[in-house]
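The values are calculated or read from the model by the stated rules, or taken from the named source; none is laboratory data. Values in this document were obtained by computation on a predicted structure and should not be read as measured data. Virtual Cβ from ideal backbone geometry, glycine too; neighbours counted across all protein chains shown. With ligands, DNA and RNA removed, areas are computed over all heavy atoms of the protein, side chains included. Shrake-Rupley method; radii C 1.70, N 1.55, O 1.52, S 1.80 Å.
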Amino acid sequence: MPDSGWKDFHTLESYIAAEEKMHPQSRGLFSHLLRRVGLASKVINSKVLRAGLNDVLGDHGATNVQGESQMKLDVIANDIMKATFRWMPIVIGMASEEEDELISLPRPNTGMPAEDHYIIMFDPLDGSSNIDANVSVGTIFSIHRALSDTEKKETVAAGLPDFLQPGYKQEASGYVIYGSSTMFVYTTGHGVHGFTLDPEIGEYILSHENIRIPNTCKCFSANEGNYNKWDTATKQYADYLRSGKDERYKKTTSRYIGSLVADFHRNLLYGGIFLYPADAKTGKGKLRLLYEGAPLAMLVEQAGGLATTGQKRILDVQPTELHQRVPLIIGNKHEVELYEKMVREHTAN
Ligand code: AHG
Ligand code: MN
Ligand code: MN
């Protein structure tokens with residue numbers, strides 16, 4: 001029979017199924033949850049692609065708990081994510097950047113222990129202030145197991161402790177970038193894998209297996225308009241990288257898109273460091289721990305990089321509130337460790 005030249009390929013679904021085989025005792029429920037994230041992202045993608053056409057652009061008029069004006073697509077993306085998981089028996093809670101409070105879901109008596117249920121947290125549309133300018137935006141998600149001591153009543157409502165778990169306990173995390181192409185990138189702790197959406201067949205095709213962040217600092221990524229708000233250690237760090245004194249930074253270029261997912265994705269593939277440091281006055285960062293910092297920190301560490309607040313590994317931060325903000329310095333291990341060293345030296349003096 002002549003060879004048609006047809007090449008087999010992995011889809012997101014087949015790859016998740018292959019990963020599931022690593023857990024013989026798995027019932028496939030977690031895989032189903034991951035696949036549903038993929039489905040939700042395809043629906044959001046269809047809305048993002050048509051944003052300019054459906055007059056969806058522009059403010060929704062409301063503001064979210066962060067006091068940020070909610071762009072309509074934020075609200076639509078949030079509704080799509082909620083609708084996707086609300087009915088799943090193994091999802092007992094959700095939290096969203098766009099929701100003031102956590103959403104507890106009753107757990108029909110599945111007969112399974114609490115820790116076989118999950119909570120999902122998400123930034124339904126990251127970088128939304130860029131939508132009107134057609135700049136890449138994204139969705140970020142984080143999945144934790146419910147805590148074993150979550151009440152074992154008939155209908156279990158996930159409590160805040162289920163959400164306030166440190167990032168190192170995440171079961172999975174990932175993002176979707178709605179850019180020149182739409183990509184789904186995730187990890188379950190077994191490497192980072194990227195899938196590109198083939199719009200012709202509506203499937204995510206494995207395009208970037210086992211992503212490793214290159215050990216070159218190709219990009220320095222920060223909102224340098226905030227330079228004067230940075231503390232001294234951060235200013236010294238930025239000055240050092242940009243001075244070109246160090247051979248390692250001779251070819252480092254400044255790139256800042258203002259969409260975290262887009263800036264992160266570029267650095268993950270090319271190598272680089274992204275900083276959204278604390279405001280020296282408030283000591284607070286802008287980015288949120290639970291559905292921005294922690295999921296991306298899990299990904300970057302799985303890809304050989306690191307993520308820190310400056311004082312602490314992001315994945316070790318014990319959350320205290322749902323929408324808490326952290327300074328986020330994330331990217332190449334070398335650059336993150338250099339930042340932490342400069343912060344230590346500065347604190348010591
Ligand atoms: P979101 O659109 O989900 O609120 O996130 C916006 C964040 C993040 O995407 C980006 O890195 C950062 O805001 C940009 O902030 P500045 O405009 O202050 O640089
Ligand atoms: Mn965001
Ligand atoms: Mn957002």
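Summary table below
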quantity: Considering residues of segment 268-287 that are crowded, with 24+ Cβ neighbours inside 10 Å and within 16 Å of ligand 2 (Cβ to nearest atom) only, the residue nearest to V65 (Cα to Cα); calculated: L275
quantity: Qualifying residue in segment 204-218 (condition: surrounded by 13 or more Cβ atoms within 10 Å (Cβ to Cβ) and in a helix (DSSP H, G or I)); calculated: no
quantity: Out of M81, M22, sole residue that is at pLDDT 80 or above, under 21 Å from Y186 (Cα atoms) and open to solvent by 80 Å² or more (accessible area, probe 1.4 Å); calculated: M22
quantity: Selection count, segment 270-285, where residues are under 10 Å from K218 (Cα atoms) and either free of Cβ contacts under 8 Å to residues at least 12 places away in the same chain or not hydroxyl-bearing (S, T, Y) (or both); calculated: 3
quantity: A262 vs. criteria touching a residue at least 40 places away in the same chain (Cβ under 8 Å), within 14 Å of ligand 1 (Cβ to nearest atom), more than 21 Å from F184 (Cα to Cα) and not assigned by TED's automatic domain parsing to the domain that holds S180; calculated: no
quantity: Residue check for Q66: within 16 Å of ligand 3 (Cβ to nearest atom), part of a loop (DSSP other than H, G, I, E, B) and modelled with pLDDT under 85; calculated: yes
quantity: Qualifying residue in segment 159-174 (condition: within 30 Å of I143 (Cβ to Cβ), more than 16 Å from ligand 3 (Cβ to nearest atom), in contact (Cβ under 8 Å) with a residue 24 or more places away in the chain and assigned to a strand (DSSP E or B)); calculated: yes
quantity: Per-region count, segment 219-236, residues more than 21 Å from G179 (Cα to Cα) and either small (G, A, S) or part of a loop (DSSP other than H, G, I, E, B) (or both); calculated: 4
quantity: Scan of segment 124-139 for residues that are near ligand 3 (Cβ under 8 Å from one of its atoms) and part of a helix (DSSP H, G or I), ordered by number; calculated: S128
quantity: Filter result (within 10 Å of ligand 2 (Cβ to nearest atom) and either without any contact (Cβ under 8 Å) to a residue 40 or more places away in the chain or open to solvent by less than 50 Å² (accessible area, probe 1.4 Å) (or both)) within segment 123-138; calculated: D123, P124, L125, D126, G127, S128, V137, G138
quantity: Pairs where the first residue, in segment 336-349, is closer than 21 Å to A297 by Cα and open to solvent by 30 Å² or more (accessible area, probe 1.4 Å) and the second is modelled with pLDDT of 95 or more and of a type in the set (V, I, T), C-beta under 8 Å, 6+ apart; calculated: E340/T308
quantity: Some residue of segment 39-49 being in contact with a Gly (Cβ under 7 Å, 6 or more places away or on another chain), modelled with pLDDT of 95 or more and open to solvent by less than 80 Å² (accessible area, probe 1.4 Å); calculated: yes
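Okay, residues lined up against (1) within 9 Å of ligand 1 (Cβ to nearest atom); (2) modelled with pLDDT of 95 or more:
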{"position": "P108", "(1), (2)": "no, no"}
{"position": "M112", "(1), (2)": "no, no"}
{"position": "I120", "(1), (2)": "no, yes"}
{"position": "P124", "(1), (2)": "yes, yes"}
{"position": "V137", "(1), (2)": "yes, yes"}
{"position": "I140", "(1), (2)": "yes, yes"}
{"position": "H144", "(1), (2)": "no, yes"}
